Amino acid sequence: MVNKEKERFFIPFFFNPGHDAEIKPLEELTNKQNSPKYKPYKWGKFFVHRLHSNFKKQDEENLQIYHYKLQ
């Protein structure tokens, strides 16, 4: 729900979702006035890419959640 009197900060927390789980906001919380801020993504693809890119040098930037931000 939207609180018009006070700004809130949300931190998503997912405890071991399945690799095929699609991470996205609940549809009943989005509409034309309150559109999603990020593209949906599959947890497994995100997790595996982060796992392989966090601790070794690669030719690409580490995958971060901001890569999914919508314009």
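We did not get these values from a lab; they are worked out from the coordinates using the rules stated. Model, not experiment: these values are computed from the prediction. FYI the Cβ positions are ideal-geometry reconstructions off the backbone, even for glycines, and counts take in every protein chain you see.
Values for this structure:
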| read-out | value |
| --- | --- |
| Neighbours by Cβ (under 6 Å, 6+ apart or cross-chain): first from the stretch 11-22, under 16 Å from Lys45 (Cβ atoms); second assigned to a loop (DSSP other than H, G, I, E, B) and not hydroxyl-bearing (Ser, Thr, Tyr) | Glu22/Pro40 |
| Output for the stretch 23-36, where each listed residue is free of Cβ contacts under 8 Å to residues at least 24 places away in the same chain and surrounded by 12 or more Cβ atoms within 10 Å (Cβ to Cβ) | Ile23, Lys24, Pro25, Thr30 |
| Matching residues in the stretch 20-48 - criterion: being part of a helix (DSSP H, G or I), within 14 Å of His67 (Cβ to Cβ) and touching an Asp or Glu at 6+ places or on another chain (Cβ under 9 Å) | none |
| Asn16 being part of a loop (DSSP other than H, G, I, E, B), more than 14 Å from the chain's Cα centre (by Cα) and closer than 15 Å to Lys69 by Cα | no |
